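Peer 1: Let me give you the structure first, and then I'll get to my questions.
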Amino acid sequence: MNIFKVLLTFFSPLIIFAQTQYTPEEVFEHNTPDNCWVIFEDSVYDLSEYLPDHDIYMDIREWCGKDMTEDFKTKADAGRDHKDFSYALLEDYNIGTLVDDEVNTESEDEVSIQIMEVDDSIVEDGSKGPYNLIIPLFFTLVIYWASYFIFKKKNIVGFNGFWNTILLLTFLIPSFGFGIFMMLRYNFTKLREIDFDFMYWHVELSVVMGAIALSHFIQRIKQYLVQLKK
């Protein structure tokens, strides 16, 4: 049984989140650049603080108080969608959900507590996620230990030197380097124009780094235990 499904199923009744609900009329009242709310699909976002930052791409002030779903997905009829990073950035400005006019909603000062439901289909089918754990973990472990048993009697020093280099590179570039770069993209918007999925490779190659580090530790477990006894 999938361990993640077991954990999520067990803890899902305990997971709650607070969220405010708004009607389209309430969103329309916030239709100025200084007070700019927008609708995207079934959620409401407050873009008041972000509008000036978006001017380097396009002036979107006319979206204030409106449903921007179609314009966002087509870049105002430009024929292309925003990147995954833009969708993630948008969620930073989420302030609630959209409800129909006929639905009795709570006031803006009240918060509705809802139970977060776990989507079993997503938990069961890992292929729906953007990342792959098995491939980088499996191949790293196979290559590491296969080369270890081949070279441990012939050239163990060269073996350790090679994998120490790979371990250092995976730390400096995808783990540390890409992590710093993704942080800088929030302050330097020009960096967002680089067409490369830094998040994906940051995660995948960090798995490789972890597998190498764990293998290195297991290989040296005897020396480690001896040092503890001193």
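FYI, it's all coordinate maths here, none of it is from the lab. All figures in this text were calculated on a predicted structure; none of them were measured in a lab. Don't worry about glycine lacking a Cβ; one is built from the backbone with ideal geometry, like all the others, and counts go over all protein chains shown.
Peer 1: Which cross-chain or sequence-distant (5 or more) residues have an amide H under 5 Å from the amide H of SER48, H modelled 1.01 Å from N in plane?
Peer 2: Here CYS36 satisfy the definition.
Peer 1: Continuing with the same structure: List the residues whose amide H sits under 5 Å from the amide H of HIS82, counting only those 5 or more places along or on another chain, with H placed 1.01 Å from N in the peptide plane.
Peer 2: LYS75
Peer 1: Quick one: Cα convex hull volume of segment 127-230, Å³ per residue?
Peer 2: Spelled out: Cα convex hull of segment 127-230, divided by residues, is 141 Å³.
Peer 1: How large is Rg over Rh for segment 21-98, taking Rg from the Cα atoms and Rh as the Kirkwood inverse mean of 1/r across Cα pairs?
Peer 2: Computed over Cα atoms, the ratio is 0.93.
Peer 1: Continuing with this model, one more query. Per residue of segment 137-147, in order, report the coupling 6.51 cos²θ - 1.76 cosθ + 1.60 (Karplus, θ = phi - 60°) as ³J(HN,Hα) in whole Hz, putting x for Gly and Pro.
Peer 2: 5, 5, 5, 5, 5, 5, 5, 4, 6, 5, 5
Peer 1: Could you list the residues of segment 190-208 with an amide nitrogen less than 20 Å from a label point located 7 Å from the Cα of ASP53 in the Cα-to-C-beta direction?
Peer 2: Flagged as within label range: 190-200.
Peer 1: Report, by chain and number, residues whose modeled amide H sits under 5 Å from the one on THR20, excluding near sequence neighbours (fewer than 5 apart, same chain).
Peer 2: Correct list: THR97.
Peer 1: On a full-extension model of 0.36 nm per residue, what is the gain between LYS83 and ILE150, subtracting their alpha-carbon distance, rounded to one decimal in nm?
Peer 2: That pair, LYS83 and ILE150, stretches by 19.7 nm at full extension.
Peer 1: Okay, next question. Give a residue-ordered list of calculated ³J(HN,Hα) values for segment 41-55 (Karplus: 6.51 cos²θ - 1.76 cosθ + 1.60, θ = phi - 60°; whole Hz; x for Gly, Pro).
Peer 2: Whole-Hz 3J(HN,Hα) from phi for segment 41-55: 6, 10, 10, 10, 10, 9, 9, 3, 6, 8, 3, x, 5, 7, 4.
Peer 1: So, one more: Would you mind getting me the FRET efficiency between GLU91 and GLU62? Use the beta-carbon distance for r and R0 = 22 Å, nearest 0.05.
Peer 2: Once rounded, the FRET efficiency stands at 0.50.
Peer 1: Which value in nm describes the separation of the simple spin-label points at ASP197 and LEU133, placed 7 Å from the Cα toward the beta carbon?
Peer 2: The modelled label-to-label distance comes out at 1.8 nm.
Peer 1: Next question. Any idea how far apart LEU184 and VAL157 come out in nm if each label point goes 7 Å out from Cα toward Cβ?
Peer 2: For the pair LEU184/VAL157, the computed spacing is 3.8 nm.
Peer 1: Between their Cα atoms, which of LYS83/LYS190; LYS66/LYS190; LYS152/LYS222 are more than 21 Å away from each other?
Peer 2: LYS66/LYS190
Peer 1: Further question: Net charge near LEU51: determine it from the other residues with C-beta under 10 Å of the C-beta of LEU51, scoring Lys and Arg +1 and Asp and Glu -1. Intermediate values should be presented prior to the final figure.
Peer 2: Details: positive: ARG61; negative: ASP34, GLU49, ASP53, ASP55, ASP59.
With Lys, Arg at +1 and Asp, Glu at -1, the net is -4.
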